[in-house]
Amino acid sequence: GLLAWTASHSALTAVLFGDCRTAKPKAAQALASVPDATYAGSAAVLALCGEVNQAQTQADKLAQLYPNDTRFNGIWLPVIRAAIELQRNNPARAIQFLEPATHYEAAADFQPQYLRGLSYLRLGKGAEAAVEFQKIIARKGQADLLVSTLYPFARLGLARALALSGDAAKARRAYEDFFALWKDADADSPILLEAKKEYEKLK
């Protein structure tokens, strides 16, 4: 229902901002509202906020409910498992878990691409990370709330990927694009402050 969708989207937005205090109850609300695989991504939010056991429990429960659901088994189960492995600092394993999602990414709300991009960043593979973040950026014109939520974070991810690849000039431009998107954000936002420190190092 609408309440579950709103809670699920709020949870994703909050975890992107690093606000797990908000994200965790919203994710739990989405998962408890209706037994619907559509909101399985909220279990990934729990994992990214450190609730690995709870996320695994939800994944197991949904797997029992939807053993033949292509969308769940092809997208959301890999996303949850990847989020768990990221939390455990196993980015290479996270990428392995996301492999099945490559066949369904057009219908995956870009969460597999984003998690794969984060995983490649942690592995120090800037070029591979840039490819994943570009997939999200390329869909800017799509009237999709989840895409618009991930878009600025994909911009920041791209900037970090380019910096990691050693392309300082392109990285600076990518950071500047991110700052332009966040021009109305709180000046003391931790994400913004961190990005500015990274940008200064490229000068």
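The values are calculated or read from the model by the stated rules, or taken from the named source; none is laboratory data. The model shown is predicted, which means the values in this text are computed figures rather than measured ones. When we count neighbours, we look across all protein chains shown, and the Cβ atoms used for this are built from the backbone with ideal geometry, even at glycine. These area figures cover heavy atoms from the full protein model, side chains too; ligands, DNA and RNA do not enter into them. Shrake-Rupley method; radii C 1.70, N 1.55, O 1.52, S 1.80 Å.
Using the heavy atoms of the protein chains alone and a 1.4 angstrom probe, what is the accessible area of region 1-140 per residue in square angstrom? Don't jump to the answer; show the numbers that get you there.
Details: 6530 Å² over 140 residues.
Each residue of region 1-140 exposes 47 Å² on average to a 1.4 Å probe.
Using +1 at the Cβ of each Lys and Arg and -1 at the Cβ of each Asp and Glu in the chain, identify which of A4, L46, A92 lies farthest towards the dipole's positive end.
Towards the positive end, the residue furthest out is A92.
At 10 °C and 1.306 mPa s, what whole-number value in µm²/s does Stokes-Einstein give for the translational diffusion of the chain, with Rh from the Kirkwood sum over Cα pairs? Please list the in-between numbers first.
Numbers: Rh = 17.1 Å.
D = 93 µm²/s.
Measure nothing fancy, just the Cα-based angle from helix 168-181's long axis to the longest principal axis of the chain, in degrees from 0 to 90, nearest 10.
60 degrees
Quickly work out the Q96-to-W5 label distance, labels modelled 7 Å from Cα along the C-beta direction, and quote it in nm with one decimal.
According to this spin-label approximation, the distance is 3.7 nm.
Set the Förster radius R0 to 25 Å, insert the Cβ-Cβ distance between E176 and L123 as r into 1/(1 + (r/R0)^6), and round the FRET efficiency to 0.05.
Details: r = 26 Å, r/R0 = 1.04.
So the FRET efficiency works out to roughly 0.45.
Only helical DSSP H runs with n ≥ 4 go in: add -39500 (n - 2.57) per run for the chain, normalise by residue count and round the 222 nm mean residue ellipticity to 500 deg cm²/dmol. If you can, show how the numbers build up before the last one.
Details: 11 runs with 140 residues, N = 203.
My calculation for the chain gives -21500 deg cm²/dmol from helical runs alone.
Note down the magnitude of the dipole of the chain about its Cα centre, charges +1 on Lys and Arg C-beta and -1 on Asp and Glu C-beta and zero elsewhere, to the nearest 20 debye. Walk me through the numbers on the way to the answer.
Values: 24 positive and 21 negative charges, 91 e Å.
In debye, rounded to 20, the chain gives about 440.
Where does each of 59-70, 111-122, 9-20 land if you order them by average Cβ count within 10 Å, highest first? All intermediate terms of the calculation are to be shown ahead of the outcome.
Details: 59-70: 14.3, 111-122: 23.8, 9-20: 20.0.
By packing density, highest mean first, the sequence is 111-122, 9-20, 59-70.
Once the piece of chain linking V131 and A185 is laid out straight, how much longer is it, given 0.36 nm per residue of separation minus the C-alpha distance between them?
Stretched out fully, the V131 to A185 stretch lengthens by 16.8 nm.
For the pair A107/A169, report the inter-label distance in nm, with labels modelled 7 Å from Cα in the Cβ direction.
4.4 nm
Let's test this: bin the Cα-Cα distances of region 5-120 at 10 Å from zero up to the farthest pair and state each bin's percent.
16, 52, 30, 1
What FRET efficiency comes out for N89 versus K201 if R0 is 35 angstrom and r is the Cβ-Cβ distance? Round to the nearest 0.05. Before the final figure, lay out the partial values.
Values: r = 24 Å, r/R0 = 0.67.
E between N89 and K201, to the nearest 0.05, is 0.90.
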